[in-house]
Amino acid sequence: MRRSEFTRAVDAEFGARAASVVADLTLGGVGHRTAAEALADGVDPRDVWLALCVEADVPESRRHGVGMREPRR
C-alpha cells in the first residue's frame, strides 16, 4: 500500500473525521503511536492502515483493497 492509497482508505472509511483519526488516535499495533507519527517514523502504510482498522473496529470486509487505485484500462 502506498501512502496515497492509505490516505484514500482513511478518507473513505472515516470521512470528515479522517484527519483527526490519523492525528489523534493512538494505535497499539504500531507501538502506541498515532498513524501520523508511525508514518513519519517510516512504518509501512499498510501496517498503519491495519492497526488503525483494529483500533477503530473497522469490519474485516472493509480492511482490504480500500483506497487502491482503479486499474488502468
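The values are calculated or read from the model by the stated rules, or taken from the named source; none is laboratory data. Here the structure is a predicted model, which is why all the values come from computation and not from measurement. Cβ: placed from backbone, ideal geometry, glycine included. Neighbour counts: every protein chain shown.
Quick notes
- Apart from one condition, Gly42 fits all of (1) exposed (fewer than 11 other Cβ atoms within 10 Å of the Cβ); (2) at pLDDT below 95; (3) of a type outside the set (Phe, Trp, Tyr); the exception is (2).
- Take the conditions (1) modelled with pLDDT under 95; (2) surrounded by fewer than 16 Cβ atoms within 10 Å (Cβ to Cβ); Ala9 misses just one of them, which is (2).
- The condition of being surrounded by fewer than 16 Cβ atoms within 10 Å (Cβ to Cβ), within 16 Å of Ser4 (Cα to Cα) and without any contact (Cβ under 8 Å) to a residue 40 or more places away in the chain holds for His64.
- Hey, Ala35 in contact with a Gly (Cβ under 7 Å, 6 or more places away or on another chain) and at pLDDT 95 or above or not: no
- Note on region 11-48: residues that are touching a Phe, Trp or Tyr at 6+ places or on another chain (Cβ under 8 Å) and touching a residue at least 40 places away in the same chain (Cβ under 8 Å) total 3.
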